[in-house]
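Take a look at the structure set out below.
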Amino acid sequence: MSKQMKTTAQNRAIFGLGAKLGCGKEELRELAYDVTGGRTDALSKLTFDEANGMIQRLGGRPFTKTFNSRRTENYHRQKAGVETIVTTEHLEKLSKLWFAKPHRTAEGLEALCQRINKTPKPRTAKECSRVIEAIKSMNKRDQTFSAFKKDDKEAA
(Lines give C-alpha, C1' and ligand atoms only; values in the text may rest on other atoms or scores of the structure.)
Protein backbone atom coordinates (compact mmCIF):
# COMPACT_ATOMS: atom_id res chain seq x y z
CA MET A 1 0.00 0.00 0.00
CA SER A 2 1.04 3.54 -0.68
CA LYS A 3 2.00 5.85 2.17
CA GLN A 4 0.85 8.93 0.25
CA MET A 5 -2.03 10.61 2.06
CA LYS A 6 -5.38 11.18 0.39
CA THR A 7 -5.91 14.35 -1.62
CA THR A 8 -8.42 17.11 -1.02
CA ALA A 9 -10.24 16.07 -4.20
CA GLN A 10 -10.56 12.52 -2.87
CA ASN A 11 -11.90 13.86 0.42
CA ARG A 12 -14.52 15.90 -1.44
CA ALA A 13 -15.44 12.85 -3.52
CA ILE A 14 -15.89 10.69 -0.41
CA PHE A 15 -18.17 13.19 1.30
CA GLY A 16 -20.02 14.01 -1.92
CA LEU A 17 -20.69 10.37 -2.80
CA GLY A 18 -21.60 9.67 0.82
CA ALA A 19 -24.11 12.53 0.83
CA LYS A 20 -25.73 11.24 -2.37
CA LEU A 21 -26.16 7.84 -0.72
CA GLY A 22 -27.43 9.38 2.52
CA CYS A 23 -24.37 8.32 4.54
CA GLY A 24 -23.55 10.35 7.61
CA LYS A 25 -20.13 10.83 9.15
CA GLU A 26 -20.53 7.72 11.34
CA GLU A 27 -21.32 5.49 8.35
CA LEU A 28 -18.29 6.89 6.52
CA ARG A 29 -16.11 6.18 9.58
CA GLU A 30 -17.38 2.57 9.64
CA LEU A 31 -16.62 2.24 5.95
CA ALA A 32 -13.12 3.67 6.52
CA TYR A 33 -12.57 1.10 9.30
CA ASP A 34 -13.68 -1.67 6.93
CA VAL A 35 -11.58 -0.44 3.97
CA THR A 36 -8.42 -0.03 6.07
CA GLY A 37 -8.79 -3.51 7.58
CA GLY A 38 -9.25 -2.08 11.05
CA ARG A 39 -6.18 0.19 10.88
CA THR A 40 -8.20 3.37 11.49
CA ASP A 41 -11.68 4.80 11.35
CA ALA A 42 -10.46 8.39 11.04
CA LEU A 43 -11.04 9.74 7.54
CA SER A 44 -8.16 12.16 8.03
CA LYS A 45 -5.68 9.27 8.32
CA LEU A 46 -6.61 7.51 5.07
CA THR A 47 -3.90 6.89 2.51
CA PHE A 48 -4.35 7.61 -1.19
CA ASP A 49 -5.13 3.96 -2.00
CA GLU A 50 -7.49 3.56 0.95
CA ALA A 51 -9.38 6.69 -0.08
CA ASN A 52 -9.68 5.25 -3.59
CA GLY A 53 -11.06 2.07 -2.05
CA MET A 54 -13.70 4.08 -0.23
CA ILE A 55 -14.57 6.02 -3.37
CA GLN A 56 -15.04 2.78 -5.29
CA ARG A 57 -17.18 1.28 -2.52
CA LEU A 58 -19.35 4.42 -2.62
CA GLY A 59 -19.81 4.00 -6.39
CA GLY A 60 -17.31 6.57 -7.67
CA ARG A 61 -14.34 6.42 -10.00
CA PRO A 62 -10.92 6.10 -8.34
CA PHE A 63 -8.33 8.83 -8.73
CA THR A 64 -5.02 8.33 -10.53
CA LYS A 65 -1.66 9.21 -9.04
CA THR A 66 -0.33 10.77 -12.20
CA PHE A 67 -1.08 14.39 -12.92
CA ASN A 68 -1.93 15.31 -16.50
CA SER A 69 -1.86 18.88 -17.62
CA ARG A 70 -4.98 20.42 -19.12
CA ARG A 71 -3.32 20.30 -22.54
CA THR A 72 -2.71 16.54 -22.17
CA GLU A 73 -6.27 15.97 -20.99
CA ASN A 74 -7.63 17.93 -23.95
CA TYR A 75 -5.39 15.93 -26.30
CA HIS A 76 -6.75 12.65 -24.91
CA ARG A 77 -10.30 13.92 -25.26
CA GLN A 78 -9.64 14.98 -28.84
CA LYS A 79 -8.16 11.55 -29.67
CA ALA A 80 -11.24 9.92 -28.15
CA GLY A 81 -13.45 12.04 -30.40
CA VAL A 82 -14.98 14.21 -27.66
CA GLU A 83 -16.07 17.59 -28.98
CA THR A 84 -15.24 20.57 -26.76
CA ILE A 85 -18.05 23.10 -26.34
CA VAL A 86 -17.09 26.66 -27.27
CA THR A 87 -16.14 28.82 -24.29
CA THR A 88 -16.80 32.50 -23.65
CA GLU A 89 -13.08 33.14 -24.15
CA HIS A 90 -13.32 31.70 -27.67
CA LEU A 91 -16.36 33.82 -28.47
CA GLU A 92 -14.73 36.96 -27.06
CA LYS A 93 -11.65 36.41 -29.23
CA LEU A 94 -13.89 35.85 -32.23
CA SER A 95 -15.77 39.11 -31.59
CA LYS A 96 -12.58 41.05 -30.94
CA LEU A 97 -11.06 39.94 -34.25
CA TRP A 98 -14.27 40.52 -36.20
CA PHE A 99 -15.05 43.96 -34.83
CA ALA A 100 -11.43 45.15 -35.21
CA LYS A 101 -12.63 46.63 -38.51
CA PRO A 102 -15.27 49.36 -38.03
CA HIS A 103 -17.35 48.44 -41.08
CA ARG A 104 -18.21 44.91 -39.82
CA THR A 105 -21.60 44.10 -38.31
CA ALA A 106 -23.03 41.34 -36.14
CA GLU A 107 -25.14 40.20 -39.10
CA GLY A 108 -21.96 39.88 -41.16
CA LEU A 109 -20.41 37.67 -38.48
CA GLU A 110 -23.50 35.48 -38.42
CA ALA A 111 -23.39 35.19 -42.21
CA LEU A 112 -19.71 34.20 -42.08
CA CYS A 113 -20.41 31.55 -39.42
CA GLN A 114 -23.33 30.28 -41.49
CA ARG A 115 -21.12 30.01 -44.56
CA ILE A 116 -18.28 28.22 -42.75
CA ASN A 117 -20.13 26.01 -40.22
CA LYS A 118 -23.71 25.96 -41.50
CA THR A 119 -24.86 27.49 -38.20
CA PRO A 120 -25.25 31.17 -37.22
CA LYS A 121 -23.02 30.74 -34.13
CA PRO A 122 -20.17 28.31 -33.43
CA ARG A 123 -21.14 25.54 -31.03
CA THR A 124 -17.81 23.77 -30.60
CA ALA A 125 -14.24 24.98 -30.15
CA LYS A 126 -13.38 23.45 -33.54
CA GLU A 127 -16.12 25.45 -35.31
CA CYS A 128 -15.02 28.62 -33.53
CA SER A 129 -11.40 28.04 -34.52
CA ARG A 130 -12.42 27.70 -38.17
CA VAL A 131 -14.16 31.08 -38.07
CA ILE A 132 -11.28 32.71 -36.18
CA GLU A 133 -8.77 31.49 -38.78
CA ALA A 134 -10.98 32.79 -41.58
CA ILE A 135 -11.23 36.21 -39.89
CA LYS A 136 -7.45 36.29 -39.40
CA SER A 137 -7.02 35.64 -43.13
CA MET A 138 -9.52 38.37 -43.95
CA ASN A 139 -7.75 40.85 -41.65
CA LYS A 140 -4.39 39.99 -43.19
CA ARG A 141 -5.81 40.37 -46.70
CA ASP A 142 -7.34 43.75 -45.77
CA GLN A 143 -4.03 44.90 -44.31
CA THR A 144 -2.10 43.85 -47.43
CA PHE A 145 -4.70 45.38 -49.75
CA SER A 146 -4.66 48.70 -47.85
CA ALA A 147 -0.84 48.77 -48.09
CA PHE A 148 -1.10 48.40 -51.88
CA LYS A 149 -3.64 51.26 -52.03
CA LYS A 150 -1.24 53.56 -50.12
CA ASP A 151 1.59 52.69 -52.52
CA ASP A 152 -0.63 53.49 -55.54
CA LYS A 153 -1.60 56.90 -54.09
CA GLU A 154 2.03 57.78 -53.36
CA ALA A 155 3.08 56.82 -56.90
CA ALA A 156 0.42 59.03 -58.48
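The values are calculated or read from the model by the stated rules, or taken from the named source; none is laboratory data. Small disclaimer: the values here were computed from a predicted structure and weren't measured. Virtual Cβ from ideal backbone geometry, glycine too; neighbours counted across all protein chains shown.
Return yes when residue 96 is within 25 Å of the chain's Cα centre (by Cα) and surrounded by 13 or more Cβ atoms within 10 Å (Cβ to Cβ) and no when it is not.
Judged against the criteria, residue 96 is not a match.
If residue 59 passes every condition in (1) modelled with pLDDT of 95 or more; (2) in a loop (DSSP other than H, G, I, E, B) but one, which one does it miss?
Every condition holds for residue 59 apart from (1).
Among the residues of the stretch 1-52, write down those that are exposed (fewer than 14 other Cβ atoms within 10 Å of the Cβ), assigned to a helix (DSSP H, G or I) and of a type in the set (Ser, Thr, Tyr).
Answer for the stretch 1-52, where residues must be exposed (fewer than 14 other Cβ atoms within 10 Å of the Cβ), assigned to a helix (DSSP H, G or I) and of a type in the set (Ser, Thr, Tyr): 8, 44.
Identify all residues within the stretch 34-58 that are hydrophobic (A, V, I, L, M, F, W, C) and free of Cβ contacts under 8 Å to residues at least 24 places away in the same chain; write none if there are none.
35, 42
Sort through 115, 123 and tell me the only one that's out of contact with any helix residue (DSSP H, G or I) (no Cβ under 6 Å at 6 or more places or on another chain) and under 17 Å from residue 87 (Cβ atoms).
Values: 115 fails: under 17 Å from residue 87 (Cβ atoms).
After applying the criteria, what remains is 123.
For residue 59, are the conditions met, namely being surrounded by fewer than 17 Cβ atoms within 10 Å (Cβ to Cβ) and at positive phi?
Values: surrounded by fewer than 17 Cβ atoms within 10 Å (Cβ to Cβ): yes; at positive phi: yes.
So residue 59 passes the test.
Go over the candidates 130, 61 one by one and state the one that is free of Cβ contacts under 8 Å to residues at least 24 places away in the same chain and over 30 Å from residue 4 (Cβ atoms).
Details: 61 fails: over 30 Å from residue 4 (Cβ atoms).
Exactly one of 130, 61 is free of Cβ contacts under 8 Å to residues at least 24 places away in the same chain and over 30 Å from residue 4 (Cβ atoms), namely 130.
Out of the residues in the stretch 62-93 that are of a type in the set (Phe, Trp, Tyr) and in a loop (DSSP other than H, G, I, E, B), which is surrounded by the fewest Cβ atoms within 10 Å (Cβ to Cβ)?
So the residue we want is 67.
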